[in-house]
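Please read the structure below before turning to the comments.
The values are calculated or read from the model by the stated rules, or taken from the named source; none is laboratory data. The structure displayed is predicted, hence computed values, not measured ones. Note: ideal-geometry Cβ built from the backbone for every residue, glycine included; neighbour counts use all protein chains shown.
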Amino acid sequence: MALAKVAKECILLKGLINNLGFPQDKAIIFCDGLGEICLAKDQVHNERIAIQKVDTKENPTYMLTKFAPQSKFMHYLDLINVDC
């Protein structure tokens, strides 16, 4: 399950960032899979990670995994605050 791998990486990176002197209260993972979100919230309660639903059209990770026309790619860049 991809969400589990992301959660493990998030915990690792959160610890690293805290050790560098930038304390973080909680890591937020954005996911567009409702099934994964329900499984994660049912199985484990973890106070270090919050999972939020994001609409598929507003998920900027798709610019790295799926083909997108230029207009959609520019929209994804706007979502992550990158100006070209």
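For the range 73-82, the condition holds for no residue, the condition being that it is part of a loop (DSSP other than H, G, I, E, B) and of a type in the set (Asp, Glu). One residue stands out in the range 7-28 among those that are surrounded by fewer than 17 Cβ atoms within 10 Å (Cβ to Cβ) and either aliphatic (A, V, I, L, M) or in contact with a Pro (Cβ under 6 Å, 6 or more places away or on another chain) (or both): the one that is nearest to Lys57 (Cα to Cα), namely Ile28.
Only one of Ile37, Ile11 is touching a strand residue (DSSP E or B) at 6+ places or on another chain (Cβ under 8 Å), at pLDDT below 80 and part of a helix (DSSP H, G or I); which? The match here is Ile37.
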